[in-house]
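The values are calculated or read from the model by the stated rules, or taken from the named source; none is laboratory data. Note that the structure is predicted; figures quoted are calculated from it, not measured. Cβ placement follows ideal geometry from the backbone for every residue including glycine, while neighbour counts extend to all protein chains displayed.
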Amino acid sequence: MIYIYDLVLNWNDKRRYEFFEWNEDDEIEYVKKIPLFRINNFDELLDSNIRVDKNFLDQIFNKAEVYGNRQTERIEYAAVFCNRELNKAIAIEFSDEGESIYKSNIYFLDLEDIFNIGSRTAAFDLNYQILYDNNDEDYYLTRSEVMKKKYLISEINTCYLENNIDKLEYIYYEVFGEDSSDIQKIHDRLLKSLNNDFSYVHDNLYDLIKIPNF
């Protein structure tokens, strides 16, 4: 078994944040060492929840070590995987049943070391079962875009419920460049645009709405 040493990971159970999206208040873990595997069937690891078999769990049991407050601690089941081409990598923590429960993208400064070490071993087919794919409609939005989308949806719904017609009409014009006095149409079309295609228009709208006394 080969290991990668001194990684910085940001474990998440739903979304994997790119390193430039990491926040100071995230639960960042400083890994002392963790098993590294180079596999052929890599891509499905990124967007699917999987279950590995007991043999693999036994292989990695207590092999991952992290820096604790006073002493080194262990993660029961965790590993880093890279693809055969040595250009993608991901860290995964598993439950004792073998299900992937947390994932982390790799900090960009650590990728080169992972690929260099991964090149020392042959790629193999990891034995796993796909439990379900990630169907999160916001999966391909950035962390910032998800936050802005939720804020805009809340703002539009609040204006609609409070019958704030002037504000809704203004928002509608900013997004679509046209006027409308049909409040139901305004509400429904604005929400549809946010759910179907978050774009720079919504990004600009968020900045506008956040202006004090808008």
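Brief remarks follow.
- Criterion violated by K103 - all others in (1) of a type in the set (D, E, K, R); (2) within 17 Å of the chain's Cα centre (by Cα); (3) more than 16 Å from E44 (Cβ to Cβ) satisfied: (3)
- Scanning segment 47-56 for any residue that is in a loop (DSSP other than H, G, I, E, B) and surrounded by fewer than 18 Cβ atoms within 10 Å (Cβ to Cβ) turns up at least one such residue.
- Candidates Y206, Y140, Y200 - the one that is closer than 23 Å to F20 by Cβ, under 23 Å from the mean Cα position of the chain (by Cα) and surrounded by 15 or more Cβ atoms within 10 Å (Cβ to Cβ): Y206
- Screening segment 88-196 for helices (runs of 4 or more DSSP H) wholly inside it with 3 or more residues that are over 30 Å from M1 (Cα atoms) and touching a residue at least 24 places away in the same chain (Cβ under 8 Å) returns the ranges 143-161, 165-176, 183-196.
- In segment 16-39, the residues that are surrounded by 14 or more Cβ atoms within 10 Å (Cβ to Cβ) and either among the polar types (S, T, N, Q) or in contact with a Leu (Cβ under 9 Å, 6 or more places away or on another chain) (or both): R16, F19, I28, E29, V31, K32, K33, I34, F37, R38, I39
- Near pairs, Cβ below 6 angstrom, 6+ apart or cross-chain, from segment 52-66 (over 22 Å from L131 (Cα atoms)) to any residue that is of a type in the set (A, V, I, L, M): A64/I34; A64/I75; A64/A78; V66/V31
- In segment 6-26, the residues that are at negative phi form Cβ pairs under 6 Å with partners that are of a type in the set (A, V, I, L, M), at six or more places apart or across chains, as follows: L7/V31; L9/V31; L9/A91; N10/I28.
- The number of residues in segment 162-203 that are polar (S, T, N, Q) and at pLDDT 90 or above comes to 5.
- Scanning segment 23-46 for residues that are in contact with a helix residue (DSSP H, G or I) (Cβ under 9 Å, 6 or more places away or on another chain) and more than 18 Å from F56 (Cα to Cα) yields a count of 1.
- Restricting segment 57-91 to residues that are surrounded by fewer than 17 Cβ atoms within 10 Å (Cβ to Cβ) and of a type in the set (D, E), the residue that is modelled with the lowest pLDDT is E73.
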